[in-house]
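Remarks on the structure that follows.
Just so it is clear, none of the values below were taken in a lab; they were calculated from the coordinates. A quick note: this is a predicted structure, and the numbers were derived from the prediction, not measured. Cβ atoms come from the backbone with ideal geometry, glycine included; neighbour counts cover every protein chain shown.
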Amino acid sequence: MRTYTNVFDLGDLNAALAEAFEIKQDRYKYEALGKHKTCLLIFFNNSLRTRLSTQKAARNLGMDVIVLDVNQGAWKLETERGVIMDGDKSEHLLEAIPVMGSYCDIIGVRSFARFENREDDYTEKILNQFIQYSGRPVFSMEAATGHPLQAFADLITIEEYKKKERPKVVLTWAPHPRALPQAVPNSFADFMNEANVDFVITHPEGYELDPKFVRDAKVEYNQMKAFEGADFIYAKNWACPGVICPEDYGKVLSKDMGWTVDEAHMAVTDNAFFMHCLPVRRNMIVTDGVIEAPTSLVIPEAANREISATVVLKRMLQAL
Ligand code: AN0
Ligand code: CP
């Protein structure tokens, strides 16, 4: 594997799941693969789970790890070509990327949507520069439009907990005070559309996700109706994707607390499991009661981030 940015990079999902469960049985099985190989993790944005689980995954495979928080201690980076650099940015990404590539074998990048320009975000301008100029295999640790390590961990979790051959999985928008990217819902939809599940997306009008990720999924604007008979509820906030009104891209269009996942919502499901990628704001996205219930999978889901990252890094090492 040379890049990991979406579900199609994994190929056959059943094979990927089988590899995940093999690694979960013995996470050090491929410890020899990464000897004298270095994994560089670049963070343009904050992280708890991705930062820890990806380092752990690299160490499971015997790799060395270097972590760089670009905004804490590195030079401020210019990302636009053609800019006269007389401001506060001391270095250009076009030098910084190949330099970073020279110290490692595999690069992970976290670079969220900036909401300044929809096209820049949706063409993955920053991540693609890493792919183009680093000379190394690159994987996304949440880029502008996708978070495929999270979605793979979510798929592993659903596979572990499902009680039906083809469970009903509902992705629901929920309120949040600040504008958040679409990366997590996009990748979740990307994976669920390829998995053996009955997939439904529910959100208020104006929050339509990009058709590239929605594909043939069912969209139901009535949240309660969407929840009926569900086996898994996957909650996430996202800001306006700008599909219907491009000028609203990145805006918070609603803070309707009627969309908070609470006990009344969960009551119409088929005793559904609750999922969220974390970090989560309690009593905005989900009530204390729902996230603390025995049906909440948020902790095992986060733990599976180590497994998804180990599979991806293993495949990248095997392709070096
Ligand atoms: C980020 C997001 O919504 O994309 C990261 C989630 C994994 N969340 C926040 O910024 C709170
Ligand atoms: N779920 C997730 O990616 O969490 P972090 O932002 O803490 O890495």
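Select from the range 17-42 the residues that are small (G, A, S) and under 22 Å from R136 (Cβ atoms) and write down the one among them that is surrounded by the fewest Cβ atoms within 10 Å (Cβ to Cβ).
Selected residue: A32.
Which of the following residues is touching a strand residue (DSSP E or B) at 6+ places or on another chain (Cβ under 6 Å) and touching a residue at least 40 places away in the same chain (Cβ under 8 Å): F199, F191, F139?
Just one listed residue meets the conditions, F139.
Yes/no matrix, rows are residues, columns are (1) out of contact with any strand residue (DSSP E or B) (no Cβ under 8 Å at 6 or more places or on another chain); (2) of a type outside the set (A, V, I, L, M, F, W, C); (3) within 16 Å of ligand 1 (Cβ to nearest atom); (4) farther than 13 Å from V311 by Cα:
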site	(1), (2), (3), (4)
E22	yes, yes, no, no
D26	yes, yes, no, no
A32	yes, no, no, yes
L40	no, no, no, yes
F43	no, no, yes, yes
T50	no, yes, yes, yes
S53	yes, yes, yes, no
G62	yes, yes, no, yes
I66	no, no, no, yes
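Looking for something under 30 Å from N60 (Cβ atoms), hydrophobic (A, V, I, L, M, F, W, C) and more than 16 Å from ligand 1 (Cβ to nearest atom) - is there at least one such residue anywhere in the range 273-295?
yes
Just give me the residues in the range 142-175 being out of contact with any strand residue (DSSP E or B) (no Cβ under 7 Å at 6 or more places or on another chain) and on the phi > 0 side of the Ramachandran plot, in sequence order.
None; the set is empty.
Kindly establish whether E19 is away from ligand 2 (no atom under 16 Å from the Cβ), over 22 Å from the mean Cα position of the chain (by Cα), at negative phi and not in a loop (DSSP other than H, G, I, E, B).
Criteria not met by E19.
Which count do you get for residues in the range 178-200 that are more than 16 Å from Y249 (Cα to Cα) and either more than 16 Å from ligand 1 (Cβ to nearest atom) or in a loop (DSSP other than H, G, I, E, B) (or both)?
Number of matching residues: 9.
Give me the pairs, please: first residue somewhere in the range 37-57 and closer than 16 Å to M316 by Cβ and assigned to a strand (DSSP E or B), second residue anywhere and β-branched (V, I, T) and more than 12 Å from ligand 2 (Cβ to nearest atom), beta-carbon distance under 6 Å, and either six or more positions apart or on two chains.
From the range 37-57, the pairs are C39/V65; C39/I106; L40/I66; L40/I107; L41/V67; I42/V109.
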